[in-house]
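Here's the structure, in structure tokens; my notes come after.
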Amino acid sequence: MEATPPILVIGGGPAGTFAAIAAKKQSPDARVILLTEEPCEPYEKPPLSKGVLLGKVSPADAPIAGPGGLAAHGVALEPCARCLAIDREARALLLEDGRRLPYSTLVIATGSLVRELPNLPIGMPHVHYLRTEADAQRLLARLRDAPRLLVVGAGLIGLEVAASAAERGVRTRVLELAPRVLARVCDEEIGGRVEAAHRRHGVDLRLGCVVASVNVGDGGAEVLTTTGERFAADVIVVGTGVKPNDRLAAAAGLAVDEGIIVDEYCRTSDRAIFAAGDVVRFPGPHGPVRLENWRHAQDQGAVAGRNAAGANEAYRTIPSFWSEQYDLYIQGVGWPVEGTRGISRPMPGNAALTFNVSDGRIVGAQGINAQRDLAAVRRLIERRVPIDPAALADPAQPLAAMLKR
Ligand SMILES: Cc1cc2nc3c(=O)[nH]c(=O)nc-3n(C[C@H](O)[C@H](O)[C@H](O)COP(=O)(O)OP(=O)(O)OC[C@H]3O[C@@H](n4cnc5c(N)ncnc54)[C@H](O)[C@@H]3O)c2cc1C
């Protein structure tokens with residue numbers, strides 16, 4: 001009798017790793033195989049722009065699956081296994097090394113690719129993009145002896161790189177098109193606090209400009225900005241966002257629209273194929289949405305894995321992100337909604353906390369060094385607790401107590 005084909009998972013990020021572990025747990029008799037093009041156990045990406053660049057941690061210190069790796073969960077890992085195509089009719093994957101692997105169900109968790117700037121292409125001398133451990137090690141090696149860094153993009157990753165470099169003593173300059181930093185993820189108050197921290201650490205933040213042209217020489221590069229200034233740099237880091245790595249799915253004829261389209265069960269337009277993480281567009285409360293953060297990838301991956309192993313679980317989430325820069329632990333929670341009322345809560349020291357309120361309920365919040373309060377806010381959002389806006393602005397009224405009302 002022929003053995004049942006395994007559950008295959010493509011991608012060694014958090015979505016793929018949690019999908020594989022959850023599938024095995026859901027269906028202990030099933031064979032579960034995780035394929036990743038990278039040469040190692042799945043590792044955590046968030047430290048790449050923080051502790052790794054500071055030389056404090058190595059990705060090998062933080063395997064996503066824990067100390068025993070995927071094997072400890074009964075999942076087989078296939079490193080250096082790049083998937084080239086999905087044969088949906090035959091339910092098989094074609095790998096770069098020529099193998100053809102059959103599957104019973106498949107989870108696609110191929111994550112994101114960096115958004116490349118045409119005038120700073122990947123591979124240009126002195127130019128770095130940051131997505132993998134190998135990228136981080138190359139950048140770290142350069143930061144050890146480079147006196148001048150230019151970061152393009154004041155989003156989360158660009159600013160984390162800038163903070164790490166400034167802490168290493170590298171002279172750091174950041175160019176950003178928007179008139180303020182973190183414009184995509186933070187309100188003006190939180191963004192302003194982060195901006196002030198960078199300026200205090202000597203980072204030269206140039207807002208409202210981008211790179212117009214670049215001259216590359218042996219010793220470094222010279223950049224001309226759209227505002228007519230010239231800056232020399234030994235190293236340039238481009239942090240201008242990511243795009244979904246959905247080519248494999250699109251080539252296989254799955255429904256794709258800037259991300260693989262899935263339903264609330266993480267199912268693609270093919271019932272045998274599930275997808276999760278950065279690569280998907282899924283039904284959110286305000287329409288189809290793509291999220292690019294760790295917790296979403298982990299949680300949605302686990303649901304996709306269980307469903308690929310026979311469960312029928314809907315994925316619902318309250319989005320959240322975190323970032324670490326200097327001594328600031330920056331967090332956001334909730335769905336960004338246009339036209340909501342902003343409320344600021346006075347906080348001690350360098351902490352900050354702001355809320356977005358709509359129809360008498362918190363729909364989102366952001367904070368700096370306010371982990372405990374934001375954990376309470378997440379529960380207030382999840383439980384849709386009615387709140388008094390005046391109480392949110394009053395630090396004498398504990399948020400945890402509002403949960404009990
Ligand atoms: C430097 C950095 C710092 C970050 N910091 C934070 C943070 O502080 N907080 C936060 O919330 N989020 C952070 N993120 C974002 C977070 O890491 C991502 O949202 C998360 O990794 C997405 O997980 P994923 O599993 O969907 O995709 P990914 O982690 O991108 O994993 C995709 C995997 O698929 C593999 N793959 C792709 N195509 C193929 C193929 N054809 N064949 C085989 N394998 C393939 C890739 O090699 C990779 O292993 C950071 C990201 C980076 C890069």
### Message
If the requirement is being buried (at least 22 other Cβ atoms within 10 Å of the Cβ), in contact with a strand residue (DSSP E or B) (Cβ under 8 Å, 6 or more places away or on another chain) and more than 30 Å from V337 (Cα to Cα), which of these qualifies: V238, V174, V223?
### Response
V223
### Task
State yes or no: is G253 of a type outside the set (D, E), at pLDDT 95 or above and more than 25 Å from the chain's Cα centre (by Cα)?
yes
### Query
Given the conditions (1) in a loop (DSSP other than H, G, I, E, B); (2) touching an Asp or Glu at 6+ places or on another chain (Cβ under 6 Å); (3) not aliphatic (A, V, I, L, M), which single one is not true for R173?
(1)
### Task
Filter region 326-351 down to the residues that are out of contact with any Leu (no Cβ under 6 Å at 6 or more places or on another chain) and within 21 Å of E167 (Cβ to Cβ), then identify the one that is surrounded by the fewest Cβ atoms within 10 Å (Cβ to Cβ).
G349
### Task
Test each condition in (1) within 26 Å of L140 (Cα to Cα); (2) more than 12 Å from the ligand (Cβ to nearest atom) for G74 and report the one that comes out false.
(1)
### Task
Would you mention how many residues in region 1-17 are more than 22 Å from A136 (Cβ to Cβ) and either part of a loop (DSSP other than H, G, I, E, B) or aromatic (F, W, Y) (or both)?
6
### Task
Looking only at region 283-313, count how many residues are over 16 Å from the mean Cα position of the chain (by Cα) and within 20 Å of L106 (Cβ to Cβ).
12
### Message
Just to be sure I understand the filter: pairs with C-beta atoms under 8 Å, separated by 6 or more residues or on different chains, first member in region 37-52 and within 15 Å of G239 (Cα to Cα), second member near the ligand (Cβ under 6 Å from one of its atoms) and of a type in the set (S, T, N, Q). Which pairs pass?
### Response
none
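Yes/no per residue for (1) under 21 Å from E222 (Cβ atoms); (2) more than 10 Å from the ligand (Cβ to nearest atom):
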residue	(1), (2)
R99	no, yes
L106	no, yes
G111	no, no
R138	no, yes
G153	yes, yes
### Task
Being of a type outside the set (D, E, K, R) and more than 14 Å from the ligand (Cβ to nearest atom) narrows it down to one of G259, G191, G277, G241, so name that one.
G191
#### Entry: Lone unmet requirement of (1) more than 30 Å from G51 (Cβ to Cβ); (2) in contact (Cβ under 8 Å) with a residue 40 or more places away in the chain; (3) assigned to a loop (DSSP other than H, G, I, E, B) for I343
(3)
### Task
Quickly run through region 77-97 and pick out the residues that are touching a strand residue (DSSP E or B) at 6+ places or on another chain (Cβ under 7 Å), within 15 Å of the ligand (Cβ to nearest atom) and assigned to a loop (DSSP other than H, G, I, E, B).
A81, R82, E96
### Message
Out of everything in region 23-41 that is in a strand (DSSP E or B) and touching a helix residue (DSSP H, G or I) at 6+ places or on another chain (Cβ under 6 Å), what residue ends up being surrounded by the fewest Cβ atoms within 10 Å (Cβ to Cβ)?
### Response
V32
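Every residue, every condition in (1) modelled with pLDDT of 95 or more; (2) within 23 Å of the chain's Cα centre (by Cα), yes or no:
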{"position": "L130", "(1), (2)": "yes, yes"}
{"position": "S164", "(1), (2)": "yes, yes"}
{"position": "A178", "(1), (2)": "yes, yes"}
{"position": "V210", "(1), (2)": "no, no"}
{"position": "D218", "(1), (2)": "no, no"}
{"position": "A232", "(1), (2)": "yes, no"}
{"position": "V235", "(1), (2)": "yes, no"}
### Query
Among (1) in contact (Cβ under 8 Å) with a residue 40 or more places away in the chain; (2) more than 28 Å from M124 (Cα to Cα), which single condition is V242 missing?
(2)
## Note on the structure
Subset of region 356-366, residues buried (at least 24 other Cβ atoms within 10 Å of the Cβ) and either over 25 Å from the mean Cα position of the chain (by Cα) or under 21 Å from A196 (Cβ atoms) (or both), comes to A365, Q366
### Query
Name the residues in region 48-68 that are assigned to a loop (DSSP other than H, G, I, E, B), farther than 15 Å from W294 by Cβ and among the charged types (D, E, K, R), would you?
K56
### Task
Select from region 83-119 the residues that are among the charged types (D, E, K, R) and under 22 Å from the mean Cα position of the chain (by Cα) and list them in ascending order.
R115, E116
### Message
Restricting to region 1-27, and then to whatever is among the aliphatic types (A, V, I, L, M) and farther than 23 Å from D87 by Cα, can you tell me which residue is farthest from the ligand (Cβ to nearest atom)?
### Response
M1
### Task
Tally the residues that are in a strand (DSSP E or B) and of a type in the set (A, V, I, L, M), restricting the search to region 186-235.
12
### Message
Can you tell me which condition C186 does not meet? The list is (1) under 30 Å from A308 (Cβ atoms); (2) at pLDDT below 95, and all the others hold.
### Response
(1)
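The values are calculated or read from the model by the stated rules, or taken from the named source; none is laboratory data. Since we're looking at a predicted model, the values are computed, not measured. When we count neighbours, we look across all protein chains shown, and the Cβ atoms used for this are built from the backbone with ideal geometry, even at glycine.
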